[in-house]
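The values are calculated or read from the model by the stated rules, or taken from the named source; none is laboratory data. Nothing here was measured: the structure is a model prediction, and the numbers come from that model. In this analysis, Cβ positions are derived from the backbone assuming ideal geometry, glycine residues included, and neighbour counts consider all displayed protein chains. Keep in mind that these areas ignore ligands, DNA and RNA; they rest on the heavy atoms of the full protein, side chains included. Shrake-Rupley method; radii C 1.70, N 1.55, O 1.52, S 1.80 Å.
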Amino acid sequence: MEHTIIAKETELSEVARALIEAHPQERVFGFYGEMGTGKTTLIKEICRFLGVQSDMTSPTFAIVNEYWTESGEPLYHFDFYRIDEPEDATRIGFQDYLYSGSYCFIEWTEKVESLLNGEYTPVHIERLDDQTRRFTF
């Protein structure tokens, strides 16, 4: 079942909660949206919802950031903006992360879709105005 939420940036904690509650068994989420729509910001909010207490940053240059929940579970945040070919993701062991059973949040999913085999939950973010976004998942 598809969910659509229209929310302001101040309401992202509710979007994060709704996303995880709508897909309780899923662990791999692919985020779609133009640059500046808030993919990283939403992923940070999801990580907070899941119990990450540490500072979170965009993995634009590192490609992957690893965070840990209070209960000691890892979460992985990928940003594939800078890769040219899906094979670049395989070099960092991307598929090992995918099959780890841990949460994986992927920005610029379209660059690695061929590696996912449709086994992920797409999250689309559309800018409606400077403060409002439409989230579809």
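Miscellaneous remarks
- Filter pass, GLY51 being out of contact with any Ser or Thr (no Cβ under 8 Å at 6 or more places or on another chain) and at pLDDT 95 or above: no
Each row is one residue, and each column tells you yes or no for (1) under 21 Å from SER13 (Cβ atoms); (2) touching a Gly at 6+ places or on another chain (Cβ under 9 Å); (3) of a type outside the set (Val, Ile, Thr).
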residue: ARG48; (1), (2), (3): yes, no, yes
residue: THR60; (1), (2), (3): no, no, no
residue: ALA89; (1), (2), (3): no, no, yes
residue: PHE94; (1), (2), (3): no, no, yes
residue: TYR99; (1), (2), (3): no, no, yes
residue: THR109; (1), (2), (3): no, yes, no
residue: ILE125; (1), (2), (3): yes, yes, no
residue: LEU128; (1), (2), (3): yes, no, yes
residue: THR136; (1), (2), (3): yes, no, no
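- Scanning the stretch 37-52 turns up no residue that is in contact with a strand residue (DSSP E or B) (Cβ under 6 Å, 6 or more places away or on another chain) and either acidic (Asp, Glu) or open to solvent by 50 Å² or more (accessible area, probe 1.4 Å) (or both).
- Criterion (open to solvent by 80 Å² or more (accessible area, probe 1.4 Å), aromatic (Phe, Trp, Tyr) and more than 26 Å from LEU128 (Cβ to Cβ)) met by exactly one of PHE61, PHE94: PHE61
- All positions within the stretch 64-81 that are of a type outside the set (A, V, I, L, M, F, W, C), open to solvent by less than 40 Å² (accessible area, probe 1.4 Å) and under 20 Å from TYR32 (Cβ atoms): ASN65, TYR76, HIS77, ASP79
- Residues that are in contact (Cβ under 8 Å) with a residue 40 or more places away in the chain, assigned to a helix (DSSP H, G or I) and surrounded by fewer than 16 Cβ atoms within 10 Å (Cβ to Cβ), drawn from the stretch 19-33: ALA22
- The stretch 1-33: number of residues that are in contact with a Leu (Cβ under 8 Å, 6 or more places away or on another chain) and small (Gly, Ala, Ser): 2
- Matching residues in the stretch 123-137 - criterion: being of a type in the set (A, V, I, L, M) and either surrounded by 16 or more Cβ atoms within 10 Å (Cβ to Cβ) or under 18 Å from THR109 (Cβ atoms) (or both): VAL123, ILE125
- Test: TRP108 is at pLDDT 95 or above, among the aromatic types (Phe, Trp, Tyr), open to solvent by 30 Å² or more (accessible area, probe 1.4 Å) and in contact with a Phe, Trp or Tyr (Cβ under 6 Å, 6 or more places away or on another chain): yes
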